[in-house]
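K.L.:
Here you go, one structure.
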Amino acid sequence: MAETYARPRFGAPREPKTRANPGGGLVRVLDYVTGSHARSIVFLTIFGLLFFLPGFFNIPPIDRDEARFAQATKQMVETGDFVDIRFQDEVRYKKPVGIYWVQAAVVETASKLGLQRAEVRIWLYRVPSLIGAIGAVLLTYWTALAFVTRRGAVLAGLILCSSVLLGVEARLAKTDAMLLLTVVAVMGAMARVYLAWQRGEEAQRPAWSEPVIFWTAMAGGILLKGPLILLFVALTIIALAIMDRSAAWLWRLRPGLGVLWALLLVLPWFVAIFLKSGDAFFSNSLGGDMLSKLAAQESHGAPPGTYLLLFWVTFWPGAPLAGMAAPAIWRARREPGAQYLLAWLVPSWIVFEVVMTKLPHYVLPLYPAIAILIVGALERRVLSRSWLARGSAWWFAIPVLTAVIVVIGAIMAVRHPVFLAWPFAGAALCFGLLAWWMYDDNHAERSLLNAVISAMFMSAAFYGIVMPAMKPLFPSQEIARALRNVVCVGPRAAAAGYHEPSLVFTTGTSTLLTDGSGAADFLGQGSCRFALVEARSERSFAQRADAIGLRYDVATRIEGYNFSQGRAISVAIYRSEGTR
């Protein structure tokens, strides 16, 4: 079929005179929203909220990383010490202070606005991740405008927004969504400078906007996760310098003033933590945390190729199009835009595949480059028509597999299949099926939009309904609820055998993590005390209680599943005699 407009080169976008895929309600919506930048931004923001808000408020704290980050921030708010990072009495010197500051600002603001018990509401600690995820989607749109049309930029934002991995990170109170925002800002600013140099545009009066965005976002990324952002930037620059045999364009980023500005932003806290802890932070974060990942000392080791296998799930629904676009992207690899995006993507991906420690979110900052590459091929109508096109069945296969796994899991966990989620799951299946059946090279855009809607219904079903219903997976929440319902004032707790960070976050910083004997001693030291004893520690608790003459009874028992350790647990809440 003849194209309706000339194929744009990567890095030289032009608006089509006619829409690429006429017909279809979803395509007509896209026609409308891409009529202006303002409508495009509002559309992507609304879509981001539709994707990320289900479950955002009512999924309990997730062990272990989210609960650790939230608890460390909570202690900053409680103590007023915004330099040191601690989990109870232990220092937490793995990541810099950036995410803790942002989370603390949200919690403090909510408290001042009158929100009761703001410090224990986990959704407040997730707000920075929500902002980071939506901001990353909008910055992907902004970055993509340097490579493709406005319509294509919106599609790139939708691909990233609907990806499984970003949906997970947007709901976790961790660093990764905010890091993604800073990386996309850095790479988008650098792309504009690089492509202007490739087009031969004069730099006699270069704009300040790109250098300011670049160096400010760089500083933000360093405060969030240390030198990791430098890896993406450095590998991209090295790859481009090798391919172009020049890196003269870097001077347009004003590196002299830029480095000074970045240091001005990051040095105050690094100096403050050095004065407070000596070299403990640097030895723990660089020597302990970072080097341990190289040697897979965090028990997350996996062979090379793991990320490639995970990609087909974590980047769904964009993954099928990535496979179809791959041959065309390879043919366009020497075009300036494709060259830049591949320099962003390939070297860092290889490094992550080689490093022993494998966690899915490590490659998240590379997903915007993939989304833009896909859209570049889609706009030029050069998606593969070979056997790769059969990958469109993946748009239907993922909703089917997810529905089956979730129903089985729900029956095992809560003894019923969560019927309330079925209408949303059914809609996800229908749109996934439409995306598969409608797919051909001339209607790829329409199929993509149907797949995105399928992903939105899946998100609503899984995060909004199924996850909050899985109460046995969140025993800490049930334990905290039981302690809130006691009659005595100011209950204190000690836990034996169940020491997950979410328990500390939900029951209080003062919660003592001990063994069965220690829990018995704790219970005998005063009134309004409760011992949270897991079944495997009950024998030592009872023996110590008998030895010291402790009189106690069982307030309640919480049955659940500790998914961090992969085993069922039973936690008895003991109270000293006379405590209510």
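K.L.:
Is the range 420-432 home to any residue that is out of contact with any helix residue (DSSP H, G or I) (no Cβ under 9 Å at 6 or more places or on another chain), free of Cβ contacts under 8 Å to residues at least 40 places away in the same chain and part of a helix (DSSP H, G or I)?
P.N.:
Scanning the range 420-432, I find no residue that is out of contact with any helix residue (DSSP H, G or I) (no Cβ under 9 Å at 6 or more places or on another chain), free of Cβ contacts under 8 Å to residues at least 40 places away in the same chain and part of a helix (DSSP H, G or I), so the answer is no.
K.L.:
Let me ask something additional. Quick one: would you say Gly516 is touching an Asp or Glu at 6+ places or on another chain (Cβ under 9 Å), closer than 29 Å to Val91 by Cα and surrounded by 18 or more Cβ atoms within 10 Å (Cβ to Cβ)?
P.N.:
When the stated conditions are applied, Gly516 passes them.
K.L.:
Does Leu30 qualify as being under 26 Å from Ala421 (Cβ atoms) and aliphatic (A, V, I, L, M)?
P.N.:
When the stated conditions are applied, Leu30 does not pass them.
K.L.:
Please enumerate the residues belonging to the range 379-413 that are over 12 Å from Ser454 (Cβ atoms) and hydroxyl-bearing (Ser, Thr, Tyr). Spell out the reasoning first.
P.N.:
Initial filter on the range 379-413 (over 12 Å from Ser454 (Cβ atoms)): 379-393, 401, 404-413.
Within the range 379-413, Ser384, Ser386, Ser392 qualify.
K.L.:
Just to be sure, is Thr236 open to solvent by 10 Å² or more (accessible area, probe 1.4 Å) and more than 17 Å from the chain's Cα centre (by Cα)? Write out each step before concluding.
P.N.:
Working: open to solvent by 10 Å² or more (accessible area, probe 1.4 Å): no; more than 17 Å from the chain's Cα centre (by Cα): yes.
Here the answer is no, as Thr236 does not meet what is asked.
K.L.:
In the range 309-327, what count of residues is obtained for those that are aliphatic (A, V, I, L, M) and under 15 Å from Ala369 (Cα atoms)? Outline the logic, then answer.
P.N.:
Taking the range 309-327 as the starting set, the residues that turn out to be aliphatic (A, V, I, L, M) are 309-310, 313, 319, 321-322, 324-326.
Right, trim to under 15 Å from Ala369 (Cα atoms) and you get 319, 321-322, 325-326.
Counting residues in the range 309-327 that are aliphatic (A, V, I, L, M) and under 15 Å from Ala369 (Cα atoms) gives 5.
K.L.:
To continue, here is another question. Take residues that are open to solvent by less than 10 Å² (accessible area, probe 1.4 Å) and tell me which of the helices (runs of 4 or more DSSP H) falling wholly in the range 298-367 contain 3 or more.
P.N.:
Fully inside the range 298-367 and qualifying: 319-331, 336-354.
K.L.:
Continuing with this model, one more query. Filter the range 238-249 down to residues that are among the aliphatic types (A, V, I, L, M) and without any contact (Cβ under 8 Å) to a residue 40 or more places away in the chain, then give me how many there are.
P.N.:
3
K.L.:
Can you find, within the range 94-114, the residue that is most open to solvent (accessible area, probe 1.4 Å) among those that are assigned to a loop (DSSP other than H, G, I, E, B) and under 21 Å from Ser502 (Cβ atoms)?
P.N.:
The residue in question is Lys94.
K.L.:
Please determine whether any residue of the range 70-79 is more than 24 Å from the chain's Cα centre (by Cα), over 26 Å from Phe474 (Cβ atoms), acidic (Asp, Glu) and open to solvent by 10 Å² or more (accessible area, probe 1.4 Å).
P.N.:
no
K.L.:
Spot the failing condition for Val406; the list is (1) surrounded by fewer than 23 Cβ atoms within 10 Å (Cβ to Cβ); (2) within 21 Å of Gly157 (Cα to Cα), and only one is missed.
P.N.:
(2)
K.L.:
A further question on this structure: List the number of the failed condition for Glu538; all other conditions in (1) outside any strand (DSSP E or B); (2) touching a helix residue (DSSP H, G or I) at 6+ places or on another chain (Cβ under 6 Å); (3) within 11 Å of Val571 (Cβ to Cβ) hold.
P.N.:
(2) is the only condition that Glu538 fails.
K.L.:
Exactly one condition in (1) in contact with a Leu (Cβ under 9 Å, 6 or more places away or on another chain); (2) assigned to a helix (DSSP H, G or I); (3) buried (at least 23 other Cβ atoms within 10 Å of the Cβ) is false for Ala455; which is it?
P.N.:
Here Ala455 meets the rest and fails (1).
K.L.:
For residues that are more than 15 Å from Ile222 (Cβ to Cβ) and either in a helix (DSSP H, G or I) or of a type in the set (A, V, I, L, M, F, W, C) (or both), tally how many sit in the range 236-271.
P.N.:
Counting residues in the range 236-271 that are more than 15 Å from Ile222 (Cβ to Cβ) and either in a helix (DSSP H, G or I) or of a type in the set (A, V, I, L, M, F, W, C) (or both) gives 19.
K.L.:
Name the residue that is nearest to Arg575 (Cα to Cα), counting only residues in the range 465-485 that are open to solvent by less than 30 Å² (accessible area, probe 1.4 Å) and in a loop (DSSP other than H, G, I, E, B).
P.N.:
Checked the range 465-485; the qualifying residue nearest to Arg575 (Cα to Cα) is Phe474.
K.L.:
Tell me, yes or no, whether the range 384-401 has at least one residue that is open to solvent by less than 30 Å² (accessible area, probe 1.4 Å) and outside any helix (DSSP H, G or I).
P.N.:
Within the range 384-401, one or more residues are open to solvent by less than 30 Å² (accessible area, probe 1.4 Å) and outside any helix (DSSP H, G or I).
K.L.:
Condition check: at pLDDT 95 or above, out of contact with any Cys (no Cβ under 8 Å at 6 or more places or on another chain) and in a helix (DSSP H, G or I). Does Trp437 satisfy that?
P.N.:
No: the conditions fail for Trp437.
K.L.:
Continuing with the same structure: Within the range 532-549, can you find the residues that are surrounded by 14 or more Cβ atoms within 10 Å (Cβ to Cβ) and either over 40 Å from the mean Cα position of the chain (by Cα) or of a type in the set (Phe, Trp, Tyr) (or both)?
P.N.:
Scanning the range 532-549 gives Ser540, Phe541, Ala542, Arg544, Ala545.
K.L.:
Restricting attention to the range 410-427, does a residue exist that is surrounded by fewer than 20 Cβ atoms within 10 Å (Cβ to Cβ) and β-branched (Val, Ile, Thr)?
P.N.:
Looking for residues that are surrounded by fewer than 20 Cβ atoms within 10 Å (Cβ to Cβ) and β-branched (Val, Ile, Thr), one finds at least one in the range 410-427, hence yes.
K.L.:
Out of curiosity, is Arg192 more than 13 Å from the chain's Cα centre (by Cα) and at pLDDT below 95?
P.N.:
no
K.L.:
Filter the helices (runs of 4 or more DSSP H) completely within the range 119-189 down to those with at least 2 residues that are farther than 27 Å from Arg380 by Cα. Spell out the reasoning first.
P.N.:
Details: elements: 122-144, 150-162, 164-169.
Filter on the range 119-189 gives 122-144, 164-169.
K.L.:
Tell me, yes or no, whether the range 550-569 has at least one residue that is farther than 27 Å from Val414 by Cβ, open to solvent by less than 10 Å² (accessible area, probe 1.4 Å) and outside any strand (DSSP E or B).
P.N.:
no
K.L.:
Still on this structure, please answer the following. Give the number of residues within the range 73-96 that are in contact (Cβ under 8 Å) with a residue 24 or more places away in the chain and not hydrophobic (A, V, I, L, M, F, W, C).
P.N.:
Of the residues in the range 73-96, 11 are in contact (Cβ under 8 Å) with a residue 24 or more places away in the chain and not hydrophobic (A, V, I, L, M, F, W, C).
K.L.:
Could I ask something else about it? Looking at (1) outside any helix (DSSP H, G or I); (2) closer than 18 Å to Arg492 by Cβ; (3) open to solvent by 40 Å² or more (accessible area, probe 1.4 Å); (4) in contact with a helix residue (DSSP H, G or I) (Cβ under 8 Å, 6 or more places away or on another chain), which one does Ser510 not meet, given that it meets all the others?
P.N.:
It is condition (4) that Ser510 fails.
K.L.:
Right, something else. Only one residue in Ala435, Ala403, Ala425 is of a type in the set (Gly, Ala, Ser) and closer than 13 Å to Pro320 by Cβ. Which one?
P.N.:
Within the list Ala435, Ala403, Ala425, the selection yields Ala435.
The values are calculated or read from the model by the stated rules, or taken from the named source; none is laboratory data. Just so it is clear, the structure is predicted and the values come from calculations on it, not from any experiment. When we count neighbours, we look across all protein chains shown, and the Cβ atoms used for this are built from the backbone with ideal geometry, even at glycine. Calculation scope for accessible area: heavy atoms of the full protein, side chains included, ligands and nucleic acids excluded. Shrake-Rupley method; radii C 1.70, N 1.55, O 1.52, S 1.80 Å.
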